[in-house]
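As structure tokens, the structure follows; a few thoughts come after it.
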Amino acid sequence: MFSLELYCALVNSVTIQRVAFNEPNLVALRIMQLPNHQNAQIASEKVREYLLSDTHPIGRYKAAVFRSLGYTSENWETLLEDLRNLLILNAEKLEASDFGTKYAIRGAIHGPSGRTEDIVSIWIIRTGEDFPRFITAYPE
């Protein structure tokens, strides 16, 4: 039996699909993880020079959010690892193009400041490659 809190956490991190059982209230939980997520690449420059940059034209707005969570240019590796930890959550396939297929992973990160923020991380598996690359992350 799940507690309500655990059930809500599961609902937020997986796709829920009602299946044809004899019991009308049973549901099956289906998690679609990012393909080959164990080999996902996150370029350190994306974290240091984009997500945590006060001067990047787009990244500076994201940097304000991540700074409020306690991430800095000195502890950028912590943010990188926290983004990597989201890879076990449900991945939503977004779009496929000539460049590759994009996916979104939604989840909470708990920053060094003790604050928690729901974020969306975007990943791509490029055409001709079999591993995901981190593109960006932003608050949900």
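Any read-out appearing in this document is the output of simple, stated calculations on the displayed coordinates, not a laboratory observation. Computed from a predicted model, the values in this text were never measured in an experiment. Every residue, glycine as well, gets a Cβ built from its backbone with ideal geometry; the counts of neighbours run over all protein chains shown.
So if R0 is 22 Å, what FRET efficiency would Ile88 and Ala43 give, r being the distance between their Cβ atoms, rounded to the nearest 0.05?
The value I calculate is 0.60.
Short version: ³J(HN,Hα) in whole Hz for each residue of the range 111-122, in order, from phi by Karplus 6.51 cos²θ - 1.76 cosθ + 1.60 (θ = phi - 60°), x for Gly and Pro, what are they?
x, x, 6, x, 7, 10, 9, 7, 10, 10, 10, 10
Amide H of Gly100 versus every other amide H placed in the peptide plane: which residues, excluding those fewer than 5 positions away on the same chain, fall under 5 Å?
Placed amide hydrogens put Thr127 under 5 Å from Gly100.
Could you pull out every residue, at least 5 positions away or on a different chain, whose amide H is within less than 5 Å of the one on Thr136? Hs are placed 1.01 Å off N in the peptide plane, and Pro or chain starts have none.
Those lying under 5 Å, H to H, from Thr136 are Ile122.
Please compute, for the alpha-carbon atoms of the range 27-83, the extent along each of the three principal axes and give them in descending order in Å.
45, 25, 21
Going out from 0 in 10 Å bins, what whole percent of all Cα-Cα distances in the range 33-139 drops into each bin?
Bin by bin from 0 Å, the calculated values are 16, 48, 30, 5, 0.
Could you give the length gained by full extension between Glu81 and Asp54, i.e. 0.36 nm per residue of separation minus their alpha carbon distance, to one decimal place?
Here the segment from Glu81 to Asp54 would lengthen by 7.6 nm.
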